[in-house]
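Quick notes on the structure that follows.
The values are calculated or read from the model by the stated rules, or taken from the named source; none is laboratory data. Note that the structure is a prediction, hence the values are computed from the model and not measured. Reconstructed Cβ throughout: ideal geometry from the backbone, glycine too, with neighbour counts over all protein chains shown.
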Amino acid sequence: MNININFGYQNHGCNRGCWRPRPVYRPVNTNHGNLDGAVVGRKHWFWGGGRPVRGYGVDLNRNGRYDRGQDGVLAFDFNRNGKLGRKEITKSREMLRAFGGSNDINGDGKVSFSEKQKARRYRKRMRKMDLDRDGKLSTFELARGGARVGVDHNRNGKFGRHETYSPYNIPTPGFGRGRLNFVDPARGYSQVNHGWAWSHPPCHGRYF
């Protein structure tokens, strides 16, 4: 964990007691691979068995695989109920794949005509979300579109209200809390800001 320690020194223009350092959030940027085929749960059938639910995983612990309870799943809370359902996770993955330029939105290696048409509709929708047209979705753009980051703390393959987080405030292994700075589906990675540092309180005058 990279921490910058800067107690500094206030030499003028400060009220009494202002020299005391206090903790402020100073992000440390790290890039994370996106695991857009991560098996995040299973869809069970009434008569037994089931099939995997694949979501758009964010590799927060940076080990190249999806680990429940540590890595995140990026999805849109379409019904705004504070939870991420299986259909929302699947649809979000398809939309993000389409936004990244892939017509194979279900990831099976084949592209049907209907799938191509669906990808085109998703791509058009996602481009409206990308306000600055840079091909990436920033924290603001994600939050504005209803995106949540799910972390399966109890590892049951479901994401309840206590397991979904705003892109502005997500749990990150080894760092506590962080922010999903942006996600880039075309290049397959995202950037997370995290890390705590000590610094001066805001004051008039110079400090070092």
Residues satisfying the stated conditions in the range 183-208, i.e. surrounded by 15 or more Cβ atoms within 10 Å (Cβ to Cβ) and at pLDDT 50 or above: 183, 184, 185, 189, 190, 191, 192, 193, 194, 195
Name the residue that is farthest from the chain's Cα centre (by Cα), counting only residues in the range 68-104 that are among the acidic types (Asp, Glu) and closer than 16 Å to residue 36 by Cβ. 104
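A quick yes/no check of all residues on (1) under 15 Å from residue 99 (Cβ atoms); (2) at pLDDT below 95; (3) surrounded by 12 or more Cβ atoms within 10 Å (Cβ to Cβ):
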{"site": "125", "(1), (2), (3)": "yes, no, yes"}
{"site": "130", "(1), (2), (3)": "yes, no, yes"}
{"site": "138", "(1), (2), (3)": "yes, no, yes"}
{"site": "142", "(1), (2), (3)": "yes, no, yes"}
{"site": "148", "(1), (2), (3)": "no, no, yes"}
{"site": "181", "(1), (2), (3)": "no, yes, yes"}
Restrict the check to the range 158-173 and report whether at least one residue is in a loop (DSSP other than H, G, I, E, B), free of Cβ contacts under 8 Å to residues at least 60 places away in the same chain and basic (Lys, Arg). no
Residue under evaluation residue 51, criteria (1) loosely packed, with under 13 Cβ neighbours inside 10 Å; (2) part of a loop (DSSP other than H, G, I, E, B), criterion not met: (2)
For the range 10-30, state whether one or more residues are among the polar types (S, T, N, Q), modelled with pLDDT of 55 or more, out of contact with any strand residue (DSSP E or B) (no Cβ under 8 Å at 6 or more places or on another chain) and in a loop (DSSP other than H, G, I, E, B). no
